1. Suppose we keep only residues that are assigned to a helix (DSSP H, G or I) and at positive phi within segment 327-362. Which one would you say is farthest from the chain's Cα centre (by Cα)?
2. Which of the residues that make up segment 284-326 are under 21 Å from the mean Cα position of the chain (by Cα) and modelled with pLDDT under 95?
3. Yes or no: segment 327-346 includes at least one residue that is more than 30 Å from residue 44 (Cα to Cα), surrounded by fewer than 18 Cβ atoms within 10 Å (Cβ to Cβ) and either in contact with a helix residue (DSSP H, G or I) (Cβ under 8 Å, 6 or more places away or on another chain) or without any contact (Cβ under 8 Å) to a residue 40 or more places away in the chain (or both).
4. Name the residue, out of 191, 138, that is within 26 Å of residue 48 (Cβ to Cβ) and surrounded by fewer than 16 Cβ atoms within 10 Å (Cβ to Cβ).
5. State which residue is nearest to residue 106 (Cα to Cα) when the search covers only segment 122-148 and only residues that are part of a helix (DSSP H, G or I) and more than 21 Å from the chain's Cα centre (by Cα).
6. Got at least one residue in segment 96-113 being free of Cβ contacts under 8 Å to residues at least 12 places away in the same chain and over 18 Å from the mean Cα position of the chain (by Cα)?
7. Out of the residues in segment 191-212 meeting the condition of being assigned to a loop (DSSP other than H, G, I, E, B) and more than 20 Å from residue 296 (Cα to Cα), tell me which one is modelled with the highest pLDDT.
8. Taking segment 76-87 only, how many residues are surrounded by fewer than 18 Cβ atoms within 10 Å (Cβ to Cβ) and either within 25 Å of the chain's Cα centre (by Cα) or modelled with pLDDT of 90 or more (or both)?
């Protein structure tokens, strides 16, 4: 079964922006929406060949025989509608980025696990790793909701500007938001300074996992033998392991990725999907969110919508007076590692190259 599945082609359905690119004035397809990016990166991590098949909003919303809605049937639940990404494998349609990851884990068991990427999917599914796998799934589910709510107030307008008028009208309609009245207008009215500060603060806390662990605050354990304490001596991994239960190797070797020490997984792909989303939708906002210091965040607020959300009062006086002034250590290096994955696959798409599997024209 695994060999047959591995030989089958996977089709990834995505909705691609089709408005003229603001930089080149050329109409060309490019990946924008974050959840399809997650599916792309899971497929790449597992080395599963795939092709991207662009679809339209009309195709996504259609409900007749043979439509996505009809094919998914009861799996959508009452009142639900298909959403991207979706993949098709061996004639079966699978939707939702986390469901896609789990489906690919099950059907490609010898590839890296999406949740525990230092293990194969088969090993990650073993009873010995059941708790770690469940915790990783829950972490991915929570992260997806948090980064969605953090980015939408800042980038939704600019992102939907990338689509043609019919698609843009749908993305901004009350129906898109489940019937909530004036939902898009509420997004536009949200305080961008507060939203940007909250997002940078969240990223600062989330990425702390990439930093070396601090030395435990225990008498007699210090980084050098010159401490004033008579019982102090140079610390070693054995000392730390003897006194506290802590992964001592992180004292010397920080993690490279969020999902595991050495390999990217779903946590990395979810966050990176939103980095790529803002990079395409609004380059200045992307730098405001993801730069190490807050200088570019302050500048974006000063210029966005004519300075409507520019910092005021004490917050405007200087760095350190606004909640968004938190540094993001390690984030820029992580971004560079993510851009370099899979023979620079994400970087090539951002640079406008047509890569294998991606459409050359819409």
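The values are calculated or read from the model by the stated rules, or taken from the named source; none is laboratory data. Predicted model only: the values in this text are computed from it and were never measured. Using ideal geometry, Cβ is built from the backbone for each residue, glycine included, and neighbour counts are taken over all protein chains shown.
1. Of all residues in segment 327-362, those assigned to a helix (DSSP H, G or I) come to 331-339, 341-350.
Then keep just the ones that are at positive phi; that gives 342-344.
Values: 342: 16, 343: 19, 344: 17 Å.
Ranking the candidates gives 343 first.
2. Of everything in segment 284-326, nothing turns out to be under 21 Å from the mean Cα position of the chain (by Cα) and modelled with pLDDT under 95.
3. At the first step, the residues of segment 327-346 found to be more than 30 Å from residue 44 (Cα to Cα) are 327.
Retained after the next criterion (residues that are surrounded by fewer than 18 Cβ atoms within 10 Å (Cβ to Cβ)): 327.
If we keep only those that are either in contact with a helix residue (DSSP H, G or I) (Cβ under 8 Å, 6 or more places away or on another chain) or without any contact (Cβ under 8 Å) to a residue 40 or more places away in the chain (or both) as well, we get 327.
Yes; the residues of segment 327-346 include at least one that is more than 30 Å from residue 44 (Cα to Cα), surrounded by fewer than 18 Cβ atoms within 10 Å (Cβ to Cβ) and either in contact with a helix residue (DSSP H, G or I) (Cβ under 8 Å, 6 or more places away or on another chain) or without any contact (Cβ under 8 Å) to a residue 40 or more places away in the chain (or both).
4. After applying the criteria, what remains is 138.
5. Residues of segment 122-148 that are part of a helix (DSSP H, G or I), as a first pass: 122-124, 127-148.
From what is left, the residues that are more than 21 Å from the chain's Cα centre (by Cα) are 122-124, 127-131.
Values: 122: 8, 123: 11, 124: 10, 127: 15, 128: 17, 129: 15, 130: 14, 131: 17 Å.
So the residue we want is 122.
6. Going residue by residue through segment 96-113, those that are free of Cβ contacts under 8 Å to residues at least 12 places away in the same chain are 99.
Filter once more, keeping what is over 18 Å from the mean Cα position of the chain (by Cα): none.
Looking for residues that are free of Cβ contacts under 8 Å to residues at least 12 places away in the same chain and over 18 Å from the mean Cα position of the chain (by Cα), one finds none in segment 96-113, hence no.
7. Quick first cut of segment 191-212, residues assigned to a loop (DSSP other than H, G, I, E, B) only: 191, 211-212.
Imposing the further condition that a residue be more than 20 Å from residue 296 (Cα to Cα) reduces the set to 211-212.
Numbers: 211: 86, 212: 80.
Per the stated criteria, the residue is 211.
8. Step one: of segment 76-87, the residues surrounded by fewer than 18 Cβ atoms within 10 Å (Cβ to Cβ) are 76-81, 83.
In the following step, the residues that additionally are either within 25 Å of the chain's Cα centre (by Cα) or modelled with pLDDT of 90 or more (or both) were identified as 76, 80-81, 83.
Of the residues in that region, 4 qualify.
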